[in-house]
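This is the structure I have questions about; it appears just below.
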Amino acid sequence: MIHCGKKHICAFVTCILISASILMYSWKDPQLQNNITRKIFQATSALPASQLCRGKPAQNVITALEDNRTFIISPYFDDRESKVTRVIGIVHHEGVKQLYCWFCCQPDGKIYVARAKIDVHSDRFGFPYGAADIVCLEPENCNPTHVSIHQSPHANIDQLPSFKIKNRKSETFSVDFTVCISAMFGNYNNVLQFIQSVEMYKILGVQKVVIYKNNCSQLMEKVLKFYMEEGTVEIIPWPINSHLKVSTKWHFSMDAKDIGYYGQITALNDCIYRNMQRSKFVVLNDADEIILPLKHLDWKAMMSSLQEQNPGAGIFLFENHIFPKTVSTPVFNISSWNRVPGVNILQHVHREPDRKEVFNPKKMIIDPRQVVQTSVHSVLRAYGNSVNVPADVALVYHCRVPLQEELPRESLIRDTALWRYNSSLITNVNKVLHQTVL
């Protein structure tokens, strides 16, 4: 009971209670199988969406929630099945049982609270933390622009981090190919090979390279700055080790930390959704890998042919082939390149033979609109079919330490397909080096 000593005070309190009253209802969606609870808080003025929506705007790429077992990367609008907000995040696979989306609806700034479905990706490889989709069905006539994530349907919205929902508006493709590289760490300093890879990507038809960067050398920072100013590279800061104990290994049995390989799988999934509306294709590979076409000069011609042969396919997988950096051919020994740290890929044209009894991991070119969840070497959920691209059409040129160290040079396969591009590659790399390193 509220006791009012004076009439105007009682009227004021009554007004506050009415304006903060909550209308609640629940229903069940056949896709999400979640109860959705709606709470309505009327906005007080007609402001732009960024000002109208309450909460603290998220400032970082990785945002820890109060429980410190849930980490939000970014929310994305996804209407391929039903209208949902799909939040890419990282969660403890056992420690996070329930989460709620606090939607800021337009145009009036009302807040709707919906219980989320927490979908931890199956490729966790034994680590306690893994990539997760936190999925909430959007209420009708809401069209939210921002969302907050919380463990409870009851909280002070003004104290919750607020995230802008990306992919809200349809866009025409601004690029044909985007390469996603995750994650750059370990004071990365393979400068020469990185520049060669990026210039090869550009020759093959790439307009954008997205890098989830944890750390790298100062010299590498200089190169990244050049490519960012050029418009080729987009850097996504990735300080995951500020939140979790990260492993450089892919499986928990190799290194018992919180999450594997610097949260690579989470970054790849975020990169797919980040580029879903702006890139026709997304390429998932590492900086020491190049998907090398053998029957076409560039990726556009190759993908056009592959799509024509495989209607309905959205995922194209390419065999990985190791070109050991320990085996060199004394050609293209450009003296100025010798002063740059890193591998000169033009000198490594011998590849290890395929071992049929050993799993050969693949890398992918995908139509992002046909992918729901991905792992590193295959997709986990997709609408389109997957195609294993024959090795005589294209292969992954992967210049790194050998996997078959015992093999003598004469047991390796000489493969000079990369040299088809040597003239353009050398010219382009020299231009970059003279503007950055030399």
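Which option, (1) 25.2, 98; (2) 34.4, 123; (3) 22.3, 68, is the value of Rg and Dmax of the Cα atoms in Å that was calculated from these coordinates?
(1)
Given a 1.4 Å probe and the protein chains all in place, what does the accessible area of His93 round to, in Å² to the nearest 10?
70 Å²
Could you tell me which of Leu65, Tyr100, Ser82 has its Cα farthest along the dipole of region 56-164 towards the positive end, charges placed at Cβ (Lys, Arg +1; Asp, Glu -1), taken about the Cα centre?
Farthest towards the positive end: Leu65.
With a cut-off of 17 Å, note down the residues of region 104-136 whose backbone N falls inside the zone around a label point 7 Å from the Cα of Ala64 toward its beta carbon.
Only 128-130 pass the distance filter.
If you don't mind, another one. Rank these residues by their accessible area, most exposed first, probe 1.4 Å: Thr172, Thr145. Intermediate values should be presented prior to the final figure.
Details: Thr172 120, Thr145 30 Å².
The ranking, largest first, comes out as Thr172, Thr145.
A further question on this structure: Hey, what angle do you get for helix 7-19 against the long axis of the chain, alpha-carbon based, 0 to 90 degrees rounded to 10?
Its long axis makes an angle of about 40 degrees.
Mean separation of Cα pairs under 8 Å and 6+ residues apart, divided by the residue count of the chain: what relative contact order is that in percent?
Working: 905 pairs, mean separation 60.3, N = 438.
Dividing the mean separation by the residue count of the chain yields 14 percent.
Given a Förster distance of 41 angstrom, what is the FRET efficiency for Arg414 paired with Asn338, based on the Cβ-Cβ distance and rounded to 0.05?
Numbers: r = 24 Å, r/R0 = 0.57.
Efficiency at R0 = 41 Å is approximately 0.95.
Moving to a separate point now. Pairs of alpha-carbon atoms within less than 8 angstrom and 6+ residues apart define the contacts here; what relative contact order does region 56-164 have, in percent?
On the way: 239 pairs, mean separation 31.4, N = 109.
Worked out over region 56-164, it gives 29 percent.
Further, regarding this structure: At most 14 other C-beta atoms within 10 Å and a DSSP loop state: those are the exposed GluC sites (Glu not before Pro) I care about. Give me the longest piece of the chain that has none. It would help to have the intermediate numbers written out before the result.
Numbers: sites that count: Glu66, Glu81, Glu94, Glu140, Glu171, Glu357, Glu405, Glu406.
Excluding the exposed sites themselves, the longest stretch runs over 172-356.
Summarise the accessible area of the chain (1.4 Å probe, protein heavy atoms) by the percent that is carbon and sulfur.
Numbers: 10150 of 20100 Å².
That share works out to 51 percent.
Setting aside same-chain residues fewer than 8 positions from Lys325, which aspartates and glutamates have a Cα under 15 Å from its Cα?
Here the aspartates and glutamates satisfying the reach criterion relative to Lys325 are Asp288, Glu289, Glu352, Glu405, Glu406, Asp415.
If you take every DSSP beta bridge whose two residues both sit in the chain, what share of them, in percent to the nearest 5, is antiparallel?
Details: 54 of 85 bridges.
Given both bridge residues lie in the chain, the antiparallel proportion sits at roughly 65 percent.
Same structure again: As an exercise, use a Förster radius of 45 Å and the Cβ-Cβ distance of Leu407 and Asp158 to find the FRET efficiency, rounded to the nearest 0.05.
Working: r = 63 Å, r/R0 = 1.41.
E between Leu407 and Asp158, to the nearest 0.05, is 0.10.
So which of Lys164/Lys213; Lys225/Lys249; Lys83/Lys362; Lys169/Lys363 end up more than 26 Å apart by C-alpha?
Check vs 26 Å cut-off fails for Lys225/Lys249; Lys83/Lys362; Lys169/Lys363.
Taking Cα atoms, how many degrees apart are the long axis of helix 299-309 and the longest axis of the chain, rounded to 10 and kept between 0 and 90?
Approximately 80 degrees, to the nearest 10.
Now a separate question. Which residues make up the longest stretch of the chain that has no chymotrypsin sites (Phe, Trp or Tyr not before Pro) in a DSSP loop with at most 16 other Cβ atoms within 10 Å?
Numbers: sites that count: Tyr25, Trp27, Phe173, Phe332, Phe359, Tyr383.
Longest run free of exposed loop sites: 174-331.
Then there is this: Could you give the length gained by full extension between Ala256 and Leu294, i.e. 0.36 nm per residue of separation minus their alpha carbon distance, to one decimal place? Intermediate values should be presented prior to the final figure.
Numbers: separation 38, 0.36 × 38 = 13.68 nm, distance 4.07 nm.
Extra length available between Ala256 and Leu294 comes to 9.6 nm.
Another question, then. Rounded to whole Å and ordered largest first, report the semi-axes of the equivalent ellipsoid of region 56-164 derived from its Cα gyration tensor (root of 5λ). Could the numbers behind the result be given before it?
Numbers: eigenvalues 101, 49, 27 Å².
Over the Cα atoms of region 56-164, the semi-axes work out to 22, 16, 12 Å.
Compute the accessible area per residue over region 175-434, keeping the other protein chains in place, probe 1.4 Å, unit Å².
Working: 10510 Å² over 260 residues.
Here the residues of region 175-434 average 40 Å² of exposed surface.
For Lys117, give me every one of the aspartates and glutamates with a C-alpha distance below 17 angstrom, ignoring sequence neighbours fewer than eight places off in its own chain.
Excluding near neighbours in sequence, the set is Asp29, Asp78, Asp79, Glu81, Glu94, Asp133, Glu138.
Please work out the FRET efficiency for the pair Glu140 and Ser170, using the Cβ-Cβ distance as r and a Förster radius of 30 Å; give the result to the nearest 0.05. Spell out each step's value before the answer.
Details: r = 20 Å, r/R0 = 0.66.
Efficiency at R0 = 30 Å is approximately 0.95.
Give me the mean projected area, in nm² to one decimal, of the convex hull enclosing the Cα positions of region 175-434.
On the way: hull surface 56.6 nm².
Its Cα hull, projected and averaged over all orientations, spans 14.2 nm².
Of all DSSP beta bridges in region 175-434, what percent run antiparallel (nearest 5)?
Working: 18 of 46 bridges.
Among the beta bridges of region 175-434, antiparallel pairing accounts for roughly 40 percent.
What distance in nm separates the simple spin-label points at Gln218 and Gln98, each placed 7 Å from Cα in the Cβ direction?
A separation of 5.3 nm, rounded to one decimal place.
Still on this model: Under a Cβ-Cβ cut-off of 15 Å, what is the net charge of the residues other than Val246 that fall near it, where Lys and Arg count +1 and Asp and Glu count -1? Don't skip to the answer; put the middle values down first.
Working: positive: Arg124, Lys213, Lys245, Lys249, Lys257; negative: Asp255, Asp258.
With Lys, Arg at +1 and Asp, Glu at -1, the neighbours total +3.
For the chain, the longest stretch holding no trypsin sites (Lys or Arg not before Pro) located in a DSSP loop with at most 13 other Cβ atoms within 10 Å is which? If you can, show how the numbers build up before the last one.
On the way: sites that count: Lys6, Arg80, Lys97, Lys169, Lys295, Arg355, Lys356.
The segment 170-294 is the longest one with no such site.
The values are calculated or read from the model by the stated rules, or taken from the named source; none is laboratory data. Because the structure is predicted, anything quoted here is derived from the model rather than measured. Cβ sites come from the backbone with ideal geometry, for glycine too, and all protein chains shown count toward neighbours. Surface accessibility is based on the protein's heavy atoms, side chains included, excluding ligands, DNA and RNA. Shrake-Rupley method; radii C 1.70, N 1.55, O 1.52, S 1.80 Å.
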